[in-house]
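Participant: Below is a structure I'd like to ask you about.
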2 protein chains.
Amino acid sequence: MKKNIRIIDIAKEAGVSIGTVDRVLHERSEVSSETKERILKIIKDFDYHPNIIARSLASKKIITFASLTPWFSDKDSYWAKPQEGIEKAIDQVKQFGVRLKQFYFKMDDSDTFTTAAEKILELSPDGVLLAPWAKREALKFTQALLEKGIPFIFIDSTLKEATPISFIVQNSSQSGYLAAKLLDYGIKEQSLILLVHVTREIDNVTHLLQREKGFLDYFETRKGRKHRIIKIEISENENELDAKLQEMGLALNDIDAVFVTNSKVHQVVSCFKDLIQGPKIIGYDLISRNIELLNLGKIDFLICQKPEKQGFIAINLLFDYIVKKEKVQSENYTPIDIITKENIDYYSSV
Amino acid sequence: MKKNIRIIDIAKEAGVSIGTVDRVLHERSEVSSETKERILKIIKDFDYHPNIIARSLASKKIITFASLTPWFSDKDSYWAKPQEGIEKAIDQVKQFGVRLKQFYFKMDDSDTFTTAAEKILELSPDGVLLAPWAKREALKFTQALLEKGIPFIFIDSTLKEATPISFIVQNSSQSGYLAAKLLDYGIKEQSLILLVHVTREIDNVTHLLQREKGFLDYFETRKGRKHRIIKIEISENENELDAKLQEMGLALNDIDAVFVTNSKVHQVVSCFKDLIQGPKIIGYDLISRNIELLNLGKIDFLICQKPEKQGFIAINLLFDYIVKKEKVQSENYTPIDIITKENIDYYSSV
């Protein structure tokens, strides 16, 4: 519960009019020193802070934020979640004149990123929230924002060459490292491990590469375990994994463990659906197809990061920076939550 | 960021006095219907809710809460954490006339529970927050509170025979079940598993018994794994575990895995300190001695439940029920968080 003390409460307590309290707050001298002291004491006792937001409200200026995030086709997509947080936060600040224009790009088509970025530059908003998925295109865009003096904030991943006012991300390599530790804990020595990227543009997606790096780093420190790790990139086509394994002379049931670097883990699980005893599988994110497979015991662990919170916090940081003119924390790391069939019902996603 | 719209903001927006807004809010009819409509529209647009709390403030009544929780000797004890949450919450509601009287009992001495309970009954507070550790004594106490019409709320554990207005707990048997799953995942078949209670009054401590039940339930469903599970109760004496094992003809290095049902897991780890390769160990709670051992790789997993939040939420629920006269949710489950060396730096304990 937040403190919600208003000028009227202080006035009541002091037995004076609101105007008198207001004069004390603005240090105009038409108040007797005795009354002034009484009012200042009440202000201190109540821990009252004059409301900056109400001032911005009075100015009636419209502030425009723009968001640029991956397009999603249905509510169960991962990207629906940060979106929810963004909209919830905007709903709370809209009364202070903040408006949001939403732009989207297609994850496997970086041209759509560039087109949306151009529209945002044309709009010239007061601040931008973006997921910098297409690395090259995102760098070009943030450079243009910088030149126009428009502050921006990253969610989901960050680019070390850019200068956002803040970012809200999971430490990707650490989460990959944890995934490796959890898999290694559950498999015997000399296992065959599959590392799967389900994306068509892996070289342009920094944080998936970082998850891969963390995963491989863990096994570097465990050379005694002598596992064999195979890296495979597939698109969202169900038969591709099987075909690629066959090319390498491997079958699905040779695989002991699987790490999928994003929320598409459900697709990889379905490749193994005809096996009675599938491999240990770890992937990312609580989208409903993944939750279903977790509950069926087909996925062992899901690593989560409270995506709603990412969107929610990002909008609030932009608001603090642009409207309230406050300093904001530049690095914000989301949790690396471990979700299993046994604790999912008690997990709060926000 | 919370909405913080005040009557003065509405008055400004409508171009009327505060008195006029107040008349509309209290449905007094001295306002022209045109002005009234304009004000009501602004109230709706701003999503303004009249401040119940300010009313209670105006009444100047003192509300007394009492807390009854385990005594702790230093800041690193588990019980310092709910305490922090309690004090933080009280700090926020004290401006509305709420005062807290704190009472403590010694965990292994149920007489101290009864003595504290009697003092609370004498005080006759407006509401009580308690950790019902000593089951028999706690039931007697809540019965007396019920007779006096004093509402109470449980944290940490609950008693199914009592009628609190609400409880905030972890699902203990589910957390024991998860502990079993995590251990089982990392050990080979036919392992020797130790289940350790570090407490002197196990039969009077419901939630530790529930953790044990959940743990054993998991292995009931996995009979194919053929582990041997040994249950041991020890006090906080370092040599006791070794002695008890010897009585059974077992040595420390026969043990493959250990489940400690509370935050005293650090003590059990220190029994194994002379072994090069100790057993897999899982226990509870982020106290600093446990964190240290987790980071050294001596503890594999800690199950956590955001204890600060338990205390914080409990006070706020009492406040909502007693001061704001709101209905409160009667069952509140805290998360069953899995903490490892790899994700601890990103874990938010509140």
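The values are calculated or read from the model by the stated rules, or taken from the named source; none is laboratory data. This one's a predicted model, so the numbers in the text were calculated from it and none came from an experiment. Please note: Cβ atoms are built from the backbone with ideal geometry, for glycine as well, and neighbour counts cover all protein chains shown. Only protein heavy atoms, including side chains, enter the accessible area calculation; ligands, DNA and RNA are left aside. Shrake-Rupley method; radii C 1.70, N 1.55, O 1.52, S 1.80 Å.
Participant: Report, by chain and number, residues whose modeled amide H sits under 5 Å from the one on residue A:281, excluding near sequence neighbours (fewer than 5 apart, same chain).
Facilitator: Placed amide hydrogens put A:258, A:300, A:301 under 5 Å from residue A:281.
Participant: What is the percent carbon and sulfur in the accessible area of the protein assembly as shown, measuring with a 1.4 Å probe over the protein chains and ignoring ligands?
Facilitator: Its accessible area is 48 percent carbon and sulfur atoms.
Participant: Something else now. Would you mind listing the distances between the residue B:88 label point and the same position in each other copy? Use 7 Å along Cα-to-C-beta, nm, one decimal, shortest first.
Facilitator: Spelled out, the distances from residue B:88's label point are 1.8 nm.
Participant: In the range A:301-344, which residues become less accessible by 40 Å² or more once every protein chain is in place, relative to the chain on its own, using a 1.4 Å probe?
Facilitator: A:301, A:336, A:338, A:342, A:343
Participant: So which trypsin sites (Lys or Arg not before Pro) in the range B:165-270 end up in coil per DSSP with only 14 or fewer other C-beta atoms within 10 Å?
Facilitator: Passing both the DSSP loop test and the Cβ count: B:188, B:200, B:222, B:226.
Participant: Then there's this: Using a 1.4 Å probe on protein heavy atoms only, how many Å² of accessible area do A and B hide from each other, summed over both chains and rounded to 100?
Facilitator: Summed over both sides, the interface buries about 4700 Å².
Participant: To continue, here is another question. Kindly sort A:40, A:318 by accessible area of their heavy atoms, largest first, with the probe set to 1.4 Å.
Facilitator: A:40, A:318
Participant: Could you report the accessible area of residue A:177 in Å², rounded to 10, computed with a 1.4 Å probe on the protein chains as they sit in the structure?
Facilitator: 60 Å²
Participant: When all protein chains stay in place, what accessible area (Å², nearest 10, 1.4 Å probe) is found for residue A:169?
Facilitator: Its accessible surface works out to 10 Å², give or take rounding.
Participant: Now for a separate question. Would you mind listing the distances between the residue B:34 label point and the same position in each other copy? Use 7 Å along Cα-to-C-beta, nm, one decimal, shortest first.
Facilitator: 4.6
Participant: Hey, another quick one. I'd like to know which of A:315, A:224, A:209 lies farthest towards the positive end of the charge dipole of the range A:204-350, counting +1 on Cβ of Lys and Arg and -1 on Cβ of Asp and Glu.
Facilitator: Result: A:224.
Participant: Would you calculate a helix-derived [θ] at 222 nm for chain A, using -39,500 (n - 2.57) for each DSSP H run of n ≥ 4 and dividing by the full residue count, to the nearest 500?
Facilitator: Helix contribution divided over all residues of chain A: -13000 deg cm²/dmol.
Participant: Run the dipole for the protein assembly as shown about the Cα centre, Lys and Arg Cβ at +1, Asp and Glu Cβ at -1, nothing else charged, and hand back the magnitude in debye, nearest 20.
Facilitator: 1640 debye
Participant: Here's a follow-up. Pull up all non-local amide H partners of residue B:227: gap of 5 or more, or a different chain, and H-to-H distance under 5 Å with H placed in the peptide plane.
Facilitator: HN-HN under 5 Å from residue B:227: B:190, B:191.
Participant: In what order, largest first, do B:261, B:64 sit by accessible area if the probe radius is 1.4 Å?
Facilitator: Correct descending sequence by accessible area is B:64, B:261.
Participant: Taking the highest mean first, how do the peptides B:132-145, A:304-317 order by number of other beta carbon atoms within 10 angstrom per residue?
Facilitator: Ranking, from highest mean packing down: A:304-317, B:132-145.
Participant: Buried by at least 50 Å² relative to the chain on its own: which residues of the range A:164-192 qualify, computing accessible area with a 1.4 Å probe on protein heavy atoms?
Facilitator: Correct list: A:181, A:185.
Participant: Related question: Do any GluC sites (Glu not before Pro) in the range B:198-299 lie in a loop, going by DSSP, with at most 11 other beta-carbon atoms within 10 Å of their beta carbon, and if so which?
Facilitator: B:236
Participant: Give me the accessible area of residue B:30, 1.4 Å probe, in Å² rounded to the nearest 10.
Facilitator: Here the residue's solvent-accessible area equals roughly 130 Å².
Participant: Efficiency by 1/(1 + (r/R0)^6): what FRET value for residue B:62 and residue A:344, r their Cβ-Cβ distance, R0 = 56 Å, to the nearest 0.05?
Facilitator: Computed FRET efficiency for residue B:62 and residue A:344: 0.80.
Participant: Looking at this model, which pairs from A:94/A:148; B:188/B:309; A:213/A:280 are more than 30 angstrom apart at the alpha-carbon?
Facilitator: As for pairs spanning more than 30 Å Cα to Cα, those are B:188/B:309.
Participant: Also: Quick one: accessible area per residue over chain A, 1.4 Å probe, rounded to a whole number of Å²?
Facilitator: On a per-residue basis, 46 Å².
Participant: Along the positive direction of the dipole of chain B (beta-carbon charges: Lys, Arg +1; Asp, Glu -1; about the Cα centre), which of B:299, B:43, B:335 reaches farthest?
Facilitator: B:43
Participant: Got the residue A:223 label distances to the other copies yet, label 7 Å along Cα→Cβ, in nm, shortest first?
Facilitator: Ordered by increasing distance: 4.7 nm.
Participant: To the nearest 20 Debye, how big is the dipole of the range B:236-297 about its Cα centre, given +1 on the beta carbon of each Lys and Arg and -1 on that of each Asp and Glu?
Facilitator: With only Lys, Arg, Asp and Glu charged at Cβ, the dipole is about 200 debye.
Participant: Could you order A:252, A:245 by accessible surface area, starting with the largest, using a probe radius of 1.4 Å?
Facilitator: I get A:252, A:245, largest accessible area first.
Participant: Apply 1/(1 + (r/R0)^6) to the Cβ-Cβ distance of residue A:119 and residue A:91, taking R0 = 22 Å, and write down the FRET efficiency to the nearest 0.05.
Facilitator: Step by step, r from the Cβ atoms, then E = 0.40.
Participant: Over what distance in Å are the Cα centres of the range B:107-182 and the range A:260-296 separated?
Facilitator: If we compute the Cα centre of each part, the gap is 41 Å.
Participant: What is the dipole size for the range B:172-304, taken about its Cα centre, with +1 at each Lys and Arg Cβ and -1 at each Asp and Glu Cβ, in debye to the nearest 20?
Facilitator: 480 debye
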